[in-house]
Structures are given as structure tokens and as C-alpha cells.
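Accompanying notes for the structure given below.
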Amino acid sequence: MIKIAVCDDNPYELEEVAEKIKIYLDQQETALQTVVQTFQCGEYLIMEIESGHPADIFILDVDMPGMNGFELTEEIRKRIPAPIIIFLTSHIEYGSKACKNRAFRYIYKLNIDEELYEALDSGFLELRHIEERSITVTHYNEYYRIPYSNIKYIRRGGRQLSIETLASVSIFDNRGVKEFLEALNDSRFVLIDRGCILNVDFAKQITGTEVILTTNERLAISRRMLKNLKLALIREWNI
């Protein structure tokens, strides 16, 4: 299932955008169910994410009281490493700031009829690319396909691996740590301890021999792996 979250403090414009998205979805040929959720303030949207229900595409009004669209984007990125953000605004002068905030698309509301569908087309295409960057895990007779962007870290527990996901759900796999790391085959995933692999997209800070995640979880780093983790962060953060 794909989830699209729309946030706008104006209830009439919020309803209008949601309706345009539903018309767009009705015209698409897809086997995936898509849900559109609406929020009138950023705080409610963040609460929804923190309750374990993140969206796949976010369509955000820029000019909102309290938490504006740019501030909301910062809060979303603390919880989701690479969200697809589409900004809506009546103020064309916000365009340069939207670029600095790494918006996926920036739509001037007067042009919404011409630009929204193209933005959604591109957003769904990006989701397919993200889906391709996934790993299939098995545990007894259960099979799961997990996008890399949803994996915070993988930790050995007893005879199995525990894959900790963005939705705070643990999924188990029967492979060893080294075998799983080789299967991931992605520079974002780094061994930080003999029994723990970290997705560095979720790393926020290194303090001593601990790494603090964007979810405020703390993981121990072995001294032998500390240098490799720092090099990975420099590479991924383009420092």
C-alpha cells in the first residue's frame, strides 16, 4: 500500500488537493492500493509518523502558521531519511528556499492543475526505484520484502538476525551478519560491531563509542569499527 500525506492549514484547499489526487489515482492502472491522508497542521502529521504510520509521498503547503512547510520537512527528515516532498505555495519567491530544502517538486498553486499530475507521476516513479532497492528476508515460512530506506539497523540476537525497521517493527532473518551484509551490497550499510549493521542514513551523531540515531536510539560501536563508520559518514554526508 502507498500512502500520500497532504498537509495544508486551509481546509478548502486541503480538500481540493486531496480530490485532485483521487482523480489522478482513478486514472492510473496500478495493483497497489493508495491511501490519501489529510492534515491541517504539521504537528498532527508528525504524530502520525511517530505512531508508526509514515507516508511515502508528502505534499506540504509552505505557508502555514506554527510549523511551516520547510520546518515540517526538517522534522520529517529526522524520522524518514529520504522522503519524497512536494511543496505547494502561493508565493513564488519561496522557490529558491524549496531548492535548498531538497524538495522533490515545488508547485505554484496557480499552476496546480498543470503541475500536480506530473509531480505525482515522478513521485510514483521514484517509489518504484526505491522499491527496487530492497531485500527479501526469510524466517521459517515467512517472506518479507523490505526497502533499504525502511531499515534502521540489523542486530544479531541468538541464532537469528533482528531487522529493526522505521515502523518500529522487528523482522527476523536466518542468515548470518556477514552473509546479510553481502546481500545488502550497499554502501549505506556498515558493520559497527561484530553483531550489528547500521544504515548510516539514520545516523545523527557519534559520541564516544556510541552512535545516536535520528530516532534517538543509541547503538554501541566497537573501537575496531569506529574508523570505518566515520569514513562511511563522511562519504554519505559529502563532508
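The values are calculated or read from the model by the stated rules, or taken from the named source; none is laboratory data. All values derive from a computational prediction rather than experimental measurement. Note: ideal-geometry Cβ built from the backbone for every residue, glycine included; neighbour counts use all protein chains shown. Side chains included, ligands, DNA and RNA excluded: accessible areas come from the protein's heavy atoms. Shrake-Rupley method; radii C 1.70, N 1.55, O 1.52, S 1.80 Å.
For a 18 Å ceiling on Cα separation, which of these pairs sit above it: 78/230; 20/109; 152/227; 22/78; 178/204?
Going by Cα-Cα distance, 78/230; 152/227; 22/78; 178/204 fall outside the 18 Å limit.
Dipole check for the chain: with +1 at the C-beta of Lys and Arg, -1 at the C-beta of Asp and Glu, and the Cα centre as origin, the magnitude is about 2000 Debye. Rolling a 1.4 Å probe over the protein heavy atoms of the chain, with every protein chain left in place, gives an accessible area that is 48 percent carbon and sulfur. In angstrom, the C-alpha Rg and Dmax of the range 152-236 are 12.0, 33. Between residue 50 and residue 185, what FRET efficiency comes out of the Förster formula 1/(1 + (r/R0)^6) with R0 = 25 Å and r the beta carbon distance, rounded to 0.05? Using R0 = 25 Å, I get an efficiency of 0.20. For the chain, the longest stretch holding no chymotrypsin sites (Phe, Trp or Tyr not before Pro) located in a DSSP loop with at most 12 other Cβ atoms within 10 Å is which? Formally, the longest exposed-site-free interval is 1-139. Once all protein chains are placed together, residue 204 keeps about 100 Å² accessible to a 1.4 angstrom probe.
How much mean residue ellipticity at 222 nm does the chain get from its helices, if each DSSP H run of length 4 or more adds -39500 (n - 2.57) and you divide by all residues, to the nearest 500 deg cm²/dmol?
-11000 deg cm²/dmol, from helical runs alone.
The H on the amide N of residue 135, modeled in the peptide plane, is under 5 Å from the matching H of 146, 148, each at least 5 residues off or on a different chain. Label-to-label distance, residue 40 versus residue 110, with points set 7 angstrom from Cα along the beta-carbon direction: 2.8 nm.
Computed over the chain, the quotient of the alpha carbon radius of gyration and 2.2 N^0.38 Å is 1.10. Shown here are the Rg and Dmax of the Cα trace of the range 1-63, at 11.9, 35 Å.
Take the Cβ atoms of residue 224 and residue 77, set R0 to 35 Å, and the FRET efficiency comes out at 0.70.
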